[in-house]
1. For every other residue with a beta carbon closer than 14 angstrom to the beta carbon of Ile15, add +1 if it is Lys or Arg and -1 if Asp or Glu, then tell me the sum.
2. Residue by residue through region 17-26, what is 3J(HN,Hα) from phi via Karplus (6.51 cos²θ - 1.76 cosθ + 1.60, θ = phi - 60°)? Round to whole Hz and write x for glycine and proline.
3. Using a cut-off of 15 Å between beta-carbons, work out the net charge of the residues near Glu104 (Lys and Arg +1, Asp and Glu -1, Glu104 not included).
4. Give the accessible area for Ile35 in Å² (nearest 10); use a 1.4 Å probe, count only protein heavy atoms, and leave out ligands, DNA and RNA.
5. For region 49-56, what does the Karplus curve 6.51 cos²θ - 1.76 cosθ + 1.60, with θ = phi - 60°, yield as ³J(HN,Hα) per residue in whole Hz, taken in order and with x for Gly and Pro?
6. If each residue of separation counts as 0.36 nm, what is the full-extension length gain between Glu108 and Thr29 once their alpha-carbon separation is subtracted?
7. With all protein chains present and a 1.4 Å probe, how do Leu97, Leu7 order by accessible area, largest first?
8. Just to confirm a number: summing +1 for Lys and Arg and -1 for Asp and Glu over residues other than Pro69 whose beta-carbon lies under 13 angstrom from that of Pro69, what do you get?
Amino acid sequence: MDETKKLVRNITKGIQEKKGSGIVVADMTGVEGAICRYFVICQGNSPMQVEAITESVTDFVREKSGEKPVKVVGLTNAVWVAMDYTDVIVHIFVPDLREYYNLEALWEDAHLTRIPDLD
């Protein structure tokens, strides 16, 4: 399996571990000028959950893939956290900011895959 796809799968599992919801994987490989190969977009219901999801993704990916994010920004307020794994950028929002920025529509040329929420 392609290492980047494995990374995306491990990021998704880290999100699900803390009940992150609305997971969307945007395949950016066909988008001219894209800054990465994939966006993973999700949400937590509160800044506390956004922080917990961020920590879970960091731990899960380090354990399963041996990788650390190059940079993590947004933890001060934890309403929109971006995690840079070079080929994959993870966006973790609170619901109102996710709706406002609507990254899925912004990158409409990307192929979007919606991951069902876990119960």
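1. +2
2. Whole-Hz 3J(HN,Hα) from phi for region 17-26: 4, 10, 6, x, 10, x, 6, 10, 9, 9.
3. That works out to -2.
4. Number for this one is 120 Å².
5. 5, 4, 5, 5, 5, 4, 5, 5
6. 27.2 nm
7. Most to least solvent-accessible, the answer reads Leu97, Leu7.
8. Result for the neighbourhood of Pro69: -2.
The values are calculated or read from the model by the stated rules, or taken from the named source; none is laboratory data. As the structure is a computational prediction, the values presented were derived from the model and not from experiment. All Cβ positions, even for glycine, are placed from backbone atoms using ideal geometry, and neighbour counts span all protein chains on display. The protein model used for the area step is the full one, side chains on, heavy atoms only, and it has no ligands, DNA or RNA in it. Shrake-Rupley method; radii C 1.70, N 1.55, O 1.52, S 1.80 Å.
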